[in-house]
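Below you'll find the structure, written out as structure tokens, and then a few comments.
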Amino acid sequence: MAHIKWTDELNTGIQVIDSQHQRIVDYINSLDDISDSHDREEVERILGQLVDYTLSHFAFEESLMEDAGYSFINGHKKVHELFVKRVGDFQQRFKMGEDITDELLRVLKSWLLNHIRSDDNDYVEIVSSRMNNINATKEKGWLSRSVKKFFG
């Protein structure tokens with residue numbers, strides 16, 4: 001299978017989210033690299049890392065949406081939950097001895113790209129706006145404190 005290549009169309013414009021998505025892509029590409037070897041220990045190791053990292057990414061992403069007051073957060077969380085369940089099913093099949101690597105790679109690649117382009121793209125404006133407001137407030141707070149310090 002071909003690697004996922006990161007392109008500008010996958011950028012959300014939220015640097016921390018883009019970095020996390022790129023790391024998930026790296027895990028998927030690593031899984032792709034070893035898929036032909038059928039090294040079960042290595043597949044299990046990378047799959048475990050991918051799942052752990054993705055769970056922490058989902059939690060982080062959901063906290064950003066919650067802080068921003070994203071109105072469709074419950075639907076987005078449900079999409080995450082269904083994906084986690086689906087990957088958990090793959091993990092179970094793998095533990096039972098089934099070779100799931102090729103099927104899993106197809107699902108991961110398709111799901112991630114579609115999720116970033118559609119589901120994640122929906123929250124970008126409100127989360128970016130919230131983050132910009134927080135940054136502006138911090139700068140204003142620092143500036144106000146500095147002015148008061150120097151000029152009373």
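Tabulated results
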item: Residue identified as of a type in the set (D, E, K, R), at pLDDT below 95 and surrounded by 13 or more Cβ atoms within 10 Å (Cβ to Cβ) among Glu98, Glu42; result: Glu42
item: Residues satisfying the stated conditions in the range 88-104, i.e. of a type in the set (Gly, Ala, Ser) and under 18 Å from Asp52 (Cα atoms); result: Gly88
item: Residue in the range 47-63 that is surrounded by fewer than 14 Cβ atoms within 10 Å (Cβ to Cβ), touching a helix residue (DSSP H, G or I) at 6+ places or on another chain (Cβ under 8 Å) and more than 19 Å from Glu103 (Cα to Cα) present; result: yes
item: Whichever residue in the range 35-76 is over 19 Å from Ser118 (Cα atoms) and in contact (Cβ under 8 Å) with a residue 60 or more places away in the chain and, among such residues, is nearest to the chain's Cα centre (by Cα); result: Asp67
item: The one condition in (1) under 27 Å from Tyr123 (Cα atoms); (2) at pLDDT below 95 that Gln22 fails to fulfil; result: (2)
item: Single condition Asp32 does not satisfy, out of (1) surrounded by 17 or more Cβ atoms within 10 Å (Cβ to Cβ); (2) acidic (Asp, Glu); (3) over 19 Å from Leu113 (Cα atoms); result: (3)
item: Some residue of the range 28-36 being within 29 Å of Val127 (Cα to Cα) and at pLDDT 90 or above; result: yes
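The values are calculated or read from the model by the stated rules, or taken from the named source; none is laboratory data. Computed from a prediction, not measured in an experiment: that's the story for all the values here. Please note: Cβ atoms are built from the backbone with ideal geometry, for glycine as well, and neighbour counts cover all protein chains shown.
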